[in-house]
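Below: one structure, written as structure tokens.
The values are calculated or read from the model by the stated rules, or taken from the named source; none is laboratory data. All values reported here derive from a predicted model rather than from experimental measurement. Neighbour counts are summed over all protein chains in view; Cβ atoms, including those assigned to glycine, are modelled from backbone coordinates with ideal geometry.
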Amino acid sequence: MKDFFYYLQRGQLRIPTCCNCHHKIWPPSQFCSKCFSRQIDMVKTDCKGRVIEFSTSHNKNNASETTYGLIEISGVRLIGSIVGKEIRANNSVLLRSCGLNERQNAFYEFLIMESQTKKIKKI
């Protein structure tokens, strides 16, 4: 867990992976939930993922909206904010930023990939 937060604090998402059975350990833990090995490597992730589900939060006090979603990335699922227009399930996203906020809670921010939001014109 300490290593996971070390990288997250530096804006890097790494997935704990068992060196013995190669199982992705999610949520992060100090041992593998499959074979109970304590030999864990922090593997760099692909920054591309996809939207599983999403919801928009409306704040009436300042008329702002934030969209949050369940995102599948590198074989694990995260909840984070989504930036972009025309958000739909199965949209491809990029991990734009991640880290620890002032309360030391993890955050993840995803960006809808532009190529999906542009409409293709028929000739």
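Observations
- For residue 117, the conditions (1) touching a strand residue (DSSP E or B) at 6+ places or on another chain (Cβ under 9 Å); (2) at pLDDT below 95 are fulfilled apart from (1).
- Filtering the range 34-44 to residues that are within 21 Å of the chain's Cα centre (by Cα) and either at positive phi or not acidic (Asp, Glu) (or both) leaves 40, 42, 43, 44.
- Matching residues in the range 1-23 - criterion: being surrounded by fewer than 17 Cβ atoms within 10 Å (Cβ to Cβ) and either among the hydrophobic types (A, V, I, L, M, F, W, C) or in the same structural domain as residue 94 (by TED's automatic domain parsing) (or both): 1, 5, 19, 21
- Test: residue in the range 44-59 that is closer than 21 Å to residue 8 by Cα, at pLDDT 90 or above, surrounded by fewer than 16 Cβ atoms within 10 Å (Cβ to Cβ) and touching a helix residue (DSSP H, G or I) at 6+ places or on another chain (Cβ under 8 Å): no
- Qualifying residue in the range 24-36 (condition: touching a strand residue (DSSP E or B) at 6+ places or on another chain (Cβ under 7 Å), outside the structural domain of residue 108 (by TED's automatic domain parsing), exposed (fewer than 12 other Cβ atoms within 10 Å of the Cβ) and within 20 Å of residue 95 (Cβ to Cβ)): no
- Strands (runs of 3 or more DSSP E) completely within the range 1-60 that count 3 or more residues being under 21 Å from residue 96 (Cβ atoms): 40-44, 48-59
- Taking every residue in the range 94-123 that is in a loop (DSSP other than H, G, I, E, B) and pairing it with any residue that is of a type in the set (Ser, Thr, Tyr) and at pLDDT 95 or above, at least 6 positions away or on another chain, the pairs with Cβ-Cβ distances below 7 Å are 113/92.
- Residue in the range 74-83 that is modelled with pLDDT under 95, part of a loop (DSSP other than H, G, I, E, B) and in contact with a strand residue (DSSP E or B) (Cβ under 8 Å, 6 or more places away or on another chain) present: yes
- If only residues of the range 84-98 that are at pLDDT 95 or above and surrounded by 18 or more Cβ atoms within 10 Å (Cβ to Cβ) are counted, the one that is farthest from residue 29 (Cα to Cα) is 91.
- Looking at 73, 79, 40, 25, just one residue is over 18 Å from residue 3 (Cβ atoms), of a type outside the set (Asp, Glu) and free of Cβ contacts under 8 Å to residues at least 40 places away in the same chain, and that residue is 79.
- Index of the failed condition, residue 81 passing every other in (1) loosely packed, with under 13 Cβ neighbours inside 10 Å; (2) touching an Asp or Glu at 6+ places or on another chain (Cβ under 9 Å): (1)
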